[in-house]
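All remarks here apply to the structure that follows.
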Amino acid sequence: MLGVLYAALGAFTFALNNVAMRRGVVTGSVLQGMALTVPIGGLSFLVMTIAFGKLHQLVVLPMAALTWLACQGVVHFVIGRYCNYKSNQLMGVNLTAPVVQLQVPFAMMLAVVMLHEKFTVLQAIGSALMLGGSFITQGITQGNAGKGKRKASVRLTAATPIPTVPSQEELAAPAPKPIFRPRTFSGYIFALGAAMCYGGSPLMARQAFLDAPDISTAAGGCLAYTAATLFFLLILLKPGSWADIKSMKRENLPWFLSSAVLVAISQAFVYASLAVAPLMVVTPILQLSLVFRLFLSQLINRDHEVMNTAVLIGAFTAVLGSILVSLDTDELTTLLDLPLSLADFLHYRLAGH
């Protein structure tokens, strides 16, 4: 029960982190957000490593494990995070989340290809649902955007009215809020990039812990974040980077800082849940972060998100698919007491040994 609670808190805080970052990049830049989240994340894991008494593990790690952790840190905390933040900036959390959620089937595909793990019919159905959820969201939203453009074109081609002098009431009226128009194509590309990075990095971390089975997760995370921070410092050598960070608006600072703290807290909850509960229990609960994002974004970023029936259908379809992908086929068929023929069908291996 404690593992379920930790996993649910991890899903909630991860969703809140995405929503806070989304609010920050509305008027700020992705680089400004990463300049706070990457170093603060590393500092948080350093504090956890010291608190758990595992600081000595940072200097006794085998070179192979250190290399895998460094690669995992750069791929997940720098490249993947940049793609995630950029896609959030371009088309909002609600449209980005179902696409980023494709990290689950992507990770499974890599596990099948590289680690020869099994891939059953049940997991294939889950992957298809996740793909369907992302395509439903993107397809209908783009269709609505096209209709909006056509309506705007019709209005522009209508007869132009004779200009009149605005009244005092019209001059005093507040300007209407700008309507958020998602840039779906580029946002979709960055979201897919985030899904690939987030899906591939766990395999790197797993290989690192196989090479060093006695290393603690806090020490491993600290080393991964250290590599990510050093890599991010190289990015700051690009001309104009420091000027961009220094131009951060005061109104964005609380959102970026809260996102930096929340992402560290969410990762701590995930590690804590995995320490007391099986992966099969934790992973499906973590997928609820997508649902949490929908409601939190509607609460905090209502004017900066797309919310319609397509988004809801796509999100819940993706959640269902991710749960099916992460569930163990044996446990599911036993729990539901499925007929033998259906259980055998879901157990059928499409790949792996």
Restricting the first residue to the stretch 42-58 and requiring it to be farther than 16 Å from Val261 by Cβ and in contact (Cβ under 8 Å) with a residue 24 or more places away in the chain, which pairs with a second residue that is surrounded by fewer than 17 Cβ atoms within 10 Å (Cβ to Cβ) and of a type in the set (Asp, Glu) meet a Cβ separation below 9 Å and a spacing of at least six or different chains? Gln57/Asp214
If Phe256 satisfies all but one of (1) out of contact with any Ser or Thr (no Cβ under 8 Å at 6 or more places or on another chain); (2) at pLDDT 80 or above, what's the number of the condition it fails? (1)
State which residue is most open to solvent (accessible area, probe 1.4 Å) when the search covers only the stretch 211-252 and only residues that are free of Cβ contacts under 8 Å to residues at least 40 places away in the same chain and part of a helix (DSSP H, G or I). Lys246
With respect to the numbered conditions (1) in contact with a Leu (Cβ under 6 Å, 6 or more places away or on another chain); (2) surrounded by fewer than 20 Cβ atoms within 10 Å (Cβ to Cβ), which one is the sole condition not fulfilled by Leu16? (2)
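Using the structure shown, decide if Ala107 is modelled with pLDDT under 80 and more than 16 Å from the chain's Cα centre (by Cα).
Details: modelled with pLDDT under 80: yes; more than 16 Å from the chain's Cα centre (by Cα): no.
Criteria not met by Ala107.
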Can you find a residue in the stretch 85-99 that is hydrophobic (A, V, I, L, M, F, W, C) and either open to solvent by 20 Å² or more (accessible area, probe 1.4 Å) or within 23 Å of Pro213 (Cβ to Cβ) (or both)? no
Tell me which residues, restricted to the stretch 197-210, are crowded, with 20+ Cβ neighbours inside 10 Å and either under 13 Å from Ala97 (Cα atoms) or within 16 Å of the chain's Cα centre (by Cα) (or both). Cys197, Tyr198, Gly199, Gly200, Ser201
Among the listed residues Val276, Val270, identify the single one that is of a type in the set (Val, Ile, Thr), modelled with pLDDT under 85, over 17 Å from Met48 (Cα atoms) and open to solvent by 20 Å² or more (accessible area, probe 1.4 Å). Val276
Could you count how many residues in the stretch 1-33 are among the β-branched types (Val, Ile, Thr) and free of Cβ contacts under 8 Å to residues at least 60 places away in the same chain? 1
Residue satisfying condition, being part of a helix (DSSP H, G or I), crowded, with 19+ Cβ neighbours inside 10 Å, at pLDDT 85 or above and more than 20 Å from the chain's Cα centre (by Cα), within set Thr37, Thr49: Thr49
Return yes when Gln32 is assigned to a helix (DSSP H, G or I), open to solvent by less than 30 Å² (accessible area, probe 1.4 Å) and farther than 19 Å from Gly187 by Cα and no when it is not. no
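The values are calculated or read from the model by the stated rules, or taken from the named source; none is laboratory data. Treat the numbers as computed from the prediction; the structure is a model and nothing was measured. Note: ideal-geometry Cβ built from the backbone for every residue, glycine included; neighbour counts use all protein chains shown. In case anyone asks, the SASA skips ligands and DNA or RNA and just uses the protein heavy atoms, side chains included. Shrake-Rupley method; radii C 1.70, N 1.55, O 1.52, S 1.80 Å.
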